[in-house]
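> I have a structure I would like to understand better, so I am pasting it below and will then ask my questions one at a time.
Since every read-out is calculated from the coordinates, none of them should be taken as a lab result. The shown structure was predicted, so the numbers you read here are calculated from the model rather than taken from an experiment. For neighbour counting, all protein chains shown are included, and Cβ atoms are generated from backbone atoms with ideal geometry for every residue, glycine included.
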Amino acid sequence: MVDIHLEAIEHTHQLVGTNYASTGDIPKDHDIFYRCDECGDFVPSVPKRNLGCRCGNVFVDKDYWRLHIGDMSKMSVLRKNSTPRRTQSGGQRI
Ligand SMILES: [Zn+2]
């Protein structure tokens, strides 16, 4: 039951990493999402409630702040692009 618009996420998120060795290595933040490559669902890394993908490969246990991954090779970590990039020479905005 993940009611997120996948197309919007595809356009505004960039790949952080995949094929992690353990769940302890996987980043977690308000702009981090997990994508299950098995079913294609997106799961927020810090959801408001326990949330998992539809096939059960990726599950975030909000109560214990634990991440459960069935097959590590079938999940990707994505980061939301919160601000438009400004790569003009010189200035670096914070
Ligand atoms: Zn899945």
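> Kirkwood hydrodynamic radius, segment 34-85, all distinct C-alpha pairs: what's the number in Å?
Details: mean 1/r = 0.0881 Å⁻¹.
That comes to 11.3 Å for segment 34-85.
> Just add up the charged neighbours of residue 31: K/R +1, D/E -1, any other residue whose Cβ is under 13 Å from the Cβ of residue 31.
On the way: positive: 28, 79, 80; negative: 29.
Summing Lys and Arg as +1 and Asp and Glu as -1 gives +2.
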